[in-house]
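Report on one structure; see the data block that follows.
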Amino acid sequence: MTRPRIRVAAYVIRHRSVPELLVFDHVGTPAAGTQVPAGGVGPDEEPELAVLREVAEETGLSDVTVVRQVAVEDKPHPETGRPRRTTFFFLRTSADTPDAWEHRVSGDGGDADLTFACRFLALPLKQPLADAQDAWLGRIEPLWATPE
């Protein structure tokens, strides 16, 4: 049996007149769909630290705090079918965070040199995220569940 790839995903929420979720799109690759920050957990890396690292790498935001773990999902990768286990976290950021920005990923990981168009969307979302990444929002607040 193949061991699953261990990952984390971030529901970064800011509160203004309504709660909003941080999402991004790959600039130049619309087929990737709208996503939340997510990625692999390094060897001996704590999941809470990995999710903060992923948010910083993929969006440039460092003014975020982990509130709590939301769910653990065992689901194969949508393209390769390989097993993966993703721990979803609820994080908060300041209401002063910009509404939208582009962030170019640096480093040597799989996302290096990609540019992500980051923005906040009001909750509940009007459409599901890529790979059903929004599936667990209702566990944070039932009113945030994406309508079917």
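The values are calculated or read from the model by the stated rules, or taken from the named source; none is laboratory data. Owing to the predicted nature of the structure, the values given are computational and were not obtained by experimental measurement. When we count neighbours, we look across all protein chains shown, and the Cβ atoms used for this are built from the backbone with ideal geometry, even at glycine. Accessible surface is based on the protein model in full, side chains and every heavy atom, while ligands, DNA and RNA are left aside. Shrake-Rupley method; radii C 1.70, N 1.55, O 1.52, S 1.80 Å.
In the chain, the DSSP-assigned H stretches of four residues or longer account for a calculated mean residue ellipticity at 222 nm of -3000 deg cm²/dmol, using -39500 (n - 2.57) per stretch and the full residue count as denominator. For the chain, carbon and sulfur atoms together expose 51% of the accessible surface, with a 1.4 angstrom probe and every protein chain in place. According to the calculation over all Cα-Cα pairs in region 1-41, the P(r) per 10 Å bin from zero is 23, 37, 30, 8, 2 %.
Solvent-accessible surface of the chain, taken per residue with a 1.4 Å probe and all protein chains present: 56 Å².
Could you tell me the calculated FRET efficiency between Ser17 and Glu148, based on Cβ-Cβ distance and R0 = 25 angstrom, to the nearest 0.05? Using R0 = 25 Å, I get an efficiency of 0.45.
The alpha carbons of region 29-91 occupy a box of 32, 27, 22 Å along the principal axes, longest dimension given first. Given their separation in residues at 0.36 nm each and the Cα-Cα distance between them, Asp113 and His77 gain 10.7 nm when the chain is fully extended. Computed from the C-beta positions of Gln69 and Arg92, the FRET efficiency with R₀ = 22 Å rounds to 0.95.
For the chain, the pair-distance distribution built from all alpha carbon pairs, in bins 5 Å wide starting at 0, is 2, 9, 19, 24, 23, 15, 6, 1, 0, 0 percent.
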